[in-house]
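**Q** Provided herewith is a single structure, encoded as structure tokens, for subsequent inquiry.
No value in this document is a laboratory result; all are computed from the given coordinates. All figures in this text were calculated on a predicted structure; none of them were measured in a lab. Glycine also receives a Cβ, built like all others from the backbone with ideal geometry; neighbour counts cover every protein chain displayed.
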Amino acid sequence: MPNNDLAIVILAAGKGTRLKSSLAKVLHRAGGRALVEQVLRACAPLKAKKTIVVVGHQAESVTAVAEPLGAQTVLQQPQNGTGHAMKVAQRALGRAKYAIVLPGDAPLIRTETLKALLATHRSAGAAATILTAVLADPSGYGRVLRKSANAVSAIVEESQLAENQREINEINSAIYCFTLQKLWPALAQVQPNNKHRELYLTDAVAVLAAKGETVLAQVAEDSREVLGCNTRQDLAAVDQVFRQWKRHSLMDSGVTIQLPETVLIDPDVTAGEDTVIEPAVQLLGATKIGARCVIKSGSVLIDSTLADDVTVEPHCVVVESRLESHVIIGPFARLRVGTHLKTGARVGNFVETKKTVIGEGAKVPHLTYLGDAKIGAKTNIGAGTITCNYDGFHKHPTTIGKNVFIGSDSVLVAPVRIGDGAYIAAGSAITENVPADALGIARGRQVTKPRWASKKRREFSAAAKKRK
Ligand code: UD1
Ligand code: MG
């Protein structure tokens, strides 16, 4: 159901000084996406009338992430604090009744928690409802001062805590629901009374409470959801939670993950039932894995599609490739962009492929480079085969038919075609097409000189005696 009286405001203008980075804070990544994208995705199911992202530092880059996700951006220049950011968004908010306000640097927030916050706010008719959390280590966060069981009197920033307030461990998540008609006059009274001379949105909470308005606190059930990313250590901690959630969801759907803490999986990755993922594997981008696959240790798969029953032996790197069912690759195979292995094909160790189709049941067992090549079904490519696809200016294709046998250590100088059922003698440098069922042989003839070696040894030892 759409929430026509609701707007979302994401505060994302800050630089993120504590990250010590040339990249604006909300563009840093956790769980495989930019922080601001994670927040936008959590908000999307609320179906708010409007979503506004307040941008400032690297506004263009932040806008490029936010707009495709349906948000509108407003520019805050300079950045005079979270309260000022909210004022900048006022005009764009128009006549929305409620706003859920979120910082762009707390990406673990879940939709369900936001729905619950909104429900509490609406049913109490509150002026503000603050999402809080109880943390074992509250340092770095604003603290919540309560005046009764669920009513708040103020939020005090860490830098302004009195000695006796330091032990308060209920923190402000900086995620709030406001009734906008009440917020604007309160915000107008806020002064920049802090060492940064900024307008703090948190101070509007004390103004509302002092006026006798209802200000509620709702404690997040899972305190990890509110973790903010102010430092590199925060980013690592938050990334860890996202990765764990992703692994858990795959495990819940029937995937085995061994030593799960060592496995990194991006959010859009899918895997089928009874697939096994061994330790230290990375599954990245839009990778899709079928059922009953095994991905062994140290392999990295990026934007690739694997059908059912595929085996990836240890230490393979697979990028933008397609592996049909019952394919086996590795160990130590490198499949580059545009590799397509048809059913039952086998690519072994120290094989590199690029823009190459390998037919059903074909084998490339060892030490080979195939680029811009087409290999027919059941063909065998011997160890050390190289397609010379590049002449220094252009790339050229190599086409090999089905049931072909390429002898070891052959170079195939493209463009070149080898017909079905042909043989290439080991050690050949093939520069011309070889028709079907023919033998292609292109190497110097062997010369054997009887007793040459023993004669040479005698000469050498005689010369050595003379020198003594
Ligand atoms: C803020 C809260 C703090 C809370 C914590 C939770 C204030 C004053 N403090 O502190 O109570 O415990 O979040 O994570 O709000 N931003 C702007 N414009 C600005 C300043 C900031 O858009 O002028 C944005 C930032 O890009 C960021 C968010 O607001 O996404 C929060 O700012 P940040 O500097 O991270 O505030 P904290 O110190 O974390
Ligand atoms: Mg922060």
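**Q** Can you pull out the residues in the stretch 176-207 that are outside any helix (DSSP H, G or I) and farther than 16 Å from residue 98 by Cα? Please lay out each step first, then the result.
**A** Our first condition is that a residue be outside any helix (DSSP H, G or I); within the stretch 176-207, this holds for 176-179, 189-200.
Residues satisfying the conditions are 189, 190, 191, 192, 193, 194, 195, 196, 197, 198, 199, 200.
**Q** When you look at residue 76, is it surrounded by 23 or more Cβ atoms within 10 Å (Cβ to Cβ) and more than 30 Å from residue 265 (Cα to Cα), yes or no? Talk me through it step by step, then tell me what you get.
**A** Details: surrounded by 23 or more Cβ atoms within 10 Å (Cβ to Cβ): yes; more than 30 Å from residue 265 (Cα to Cα): yes.
Against the criterion (surrounded by 23 or more Cβ atoms within 10 Å (Cβ to Cβ) and more than 30 Å from residue 265 (Cα to Cα)), residue 76 qualifies.
**Q** When you scan the stretch 235-247, do you find a residue that is surrounded by fewer than 16 Cβ atoms within 10 Å (Cβ to Cβ) and within 16 Å of ligand 2 (Cβ to nearest atom), even just one?
**A** Looking for residues that are surrounded by fewer than 16 Cβ atoms within 10 Å (Cβ to Cβ) and within 16 Å of ligand 2 (Cβ to nearest atom), one finds at least one in the stretch 235-247, hence yes.
**Q** Is the stretch 21-41 home to any residue that is out of contact with any Pro (no Cβ under 9 Å at 6 or more places or on another chain) and acidic (Asp, Glu)?
**A** There is no residue in the stretch 21-41 that is out of contact with any Pro (no Cβ under 9 Å at 6 or more places or on another chain) and acidic (Asp, Glu).
**Q** Continuing with the same structure: Every residue in the stretch 421-465 that is of a type in the set (Asp, Glu) and surrounded by 11 or more Cβ atoms within 10 Å (Cβ to Cβ), please.
**A** Selection gives 437 alone.
**Q** Kindly establish whether residue 59 is in contact with a Gly (Cβ under 9 Å, 6 or more places away or on another chain), farther than 21 Å from residue 202 by Cβ and within 14 Å of ligand 1 (Cβ to nearest atom).
**A** On the way: in contact with a Gly (Cβ under 9 Å, 6 or more places away or on another chain): no; farther than 21 Å from residue 202 by Cβ: yes; within 14 Å of ligand 1 (Cβ to nearest atom): yes.
Answer is no for this residue.
**Q** Being within 16 Å of ligand 2 (Cβ to nearest atom), of a type in the set (Gly, Ala, Ser) and assigned to a strand (DSSP E or B): is that true of residue 173 here? First the steps, then the outcome.
**A** On the way: within 16 Å of ligand 2 (Cβ to nearest atom): yes; of a type in the set (Gly, Ala, Ser): yes; assigned to a strand (DSSP E or B): yes.
Against the criterion (within 16 Å of ligand 2 (Cβ to nearest atom), of a type in the set (Gly, Ala, Ser) and assigned to a strand (DSSP E or B)), residue 173 qualifies.
**Q** Being more than 14 Å from ligand 2 (Cβ to nearest atom), surrounded by fewer than 22 Cβ atoms within 10 Å (Cβ to Cβ), of a type in the set (Lys, Arg) and under 21 Å from residue 233 (Cα atoms) is the requirement here; does residue 49 meet it? Spell out the reasoning first.
**A** Values: more than 14 Å from ligand 2 (Cβ to nearest atom): yes; surrounded by fewer than 22 Cβ atoms within 10 Å (Cβ to Cβ): yes; of a type in the set (Lys, Arg): yes; under 21 Å from residue 233 (Cα atoms): no.
So residue 49 does not fit the description; no.
**Q** Mind listing just one residue for me: the one in the stretch 208-231 that is within 14 Å of ligand 1 (Cβ to nearest atom) and assigned to a helix (DSSP H, G or I) and, of those, farthest from residue 121 (Cα to Cα)?
**A** Per the criteria, the residue is 224.
**Q** Among the numbered criteria (1) more than 17 Å from residue 82 (Cα to Cα); (2) surrounded by 21 or more Cβ atoms within 10 Å (Cβ to Cβ); (3) among the small types (Gly, Ala, Ser), which one does residue 272 miss?
**A** Of everything listed in (1) more than 17 Å from residue 82 (Cα to Cα); (2) surrounded by 21 or more Cβ atoms within 10 Å (Cβ to Cβ); (3) among the small types (Gly, Ala, Ser), residue 272 misses just condition (2).
**Q** Identify all residues within the stretch 1-52 that are in contact (Cβ under 8 Å) with a residue 24 or more places away in the chain, near ligand 1 (Cβ under 9 Å from one of its atoms) and over 20 Å from the mean Cα position of the chain (by Cα); write none if there are none.
**A** Across the stretch 1-52, the qualifying residues are 10, 11, 12, 13, 14, 15, 16, 18.
**Q** Name the pairs whose Cβ atoms lie under 6 Å apart, with the first residue in the stretch 137-155 and of a type in the set (Ser, Thr, Tyr), the second not in a loop (DSSP other than H, G, I, E, B), and 6 or more positions between them or separate chains?
**A** The qualifying pairs are 141/171; 153/145; 153/209.
**Q** Go through the stretch 233-291 residue by residue and tally those that are part of a loop (DSSP other than H, G, I, E, B) and out of contact with any Pro (no Cβ under 6 Å at 6 or more places or on another chain).
**A** Going through the stretch 233-291, the residues part of a loop (DSSP other than H, G, I, E, B) turn out to be 253-255, 258-259, 263, 266-269, 272-275, 278-281, 285-287, 290-291.
Now drop any that are not out of contact with any Pro (no Cβ under 6 Å at 6 or more places or on another chain), which leaves 253-255, 263, 266-269, 272-275, 278-281, 285-287, 290-291.
So the count comes out to 21.
**Q** Any residue that is part of a strand (DSSP E or B) and of a type outside the set (S, T, N, Q) - is there at least one of those in the stretch 104-127?
**A** Of the residues in the stretch 104-127, the ones part of a strand (DSSP E or B) are none.
Checked the stretch 104-127: no residue is part of a strand (DSSP E or B) and of a type outside the set (S, T, N, Q).
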